[in-house]
Amino acid sequence: MDSQFLMEIMEINEKLAEVQSEAAVNEIESIIQAKQKECIDNVSRAFEQDDFEKAKEILTKMKYFSNIEEKIKLKKIPSS
């Protein structure tokens, strides 16, 4: 995993941890959804080209984004 990507993930996680408004959570969610869509397109292309190393790298990135999506879901659940 390249360090630039990991820094991006850390920054997104920090923003998510600090957000107070639902609008801010929704903004982060939109960014992650766009990144996931881009990854899906890229992984499809990698599989079509039999570039399995690239596909593996993209799937790993998708796992990071998926983890953030789970944190977003937890943020959206109203605490009782």
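Can you name every residue in region 32-69 that is charged (D, E, K, R) and farther than 18 Å from ILE12 by Cβ? Scanning region 32-69 gives ASP41, ARG45, GLU48, ASP50, ASP51, GLU53, LYS54, LYS56, GLU57. When region 10-21 is filtered for residues that are farther than 12 Å from GLU69 by Cα and surrounded by 11 or more Cβ atoms within 10 Å (Cβ to Cβ), the ones remaining, listed by number, are LYS15, VAL19.
Looking across LYS56, LYS15, LYS75, one residue alone is among the charged types (D, E, K, R) and in contact (Cβ under 8 Å) with a residue 24 or more places away in the chain. It is LYS75. If you go through region 1-43 one residue at a time, how many are touching a Phe, Trp or Tyr at 6+ places or on another chain (Cβ under 6 Å) and of a type in the set (Val, Ile, Thr)? Here the count works out to 2.
No value in this document is a laboratory result; all are computed from the given coordinates. All figures in this text were calculated on a predicted structure; none of them were measured in a lab. Quick reminder, even Gly has a Cβ in these numbers, built from the backbone with ideal geometry, and neighbours come from all protein chains shown.
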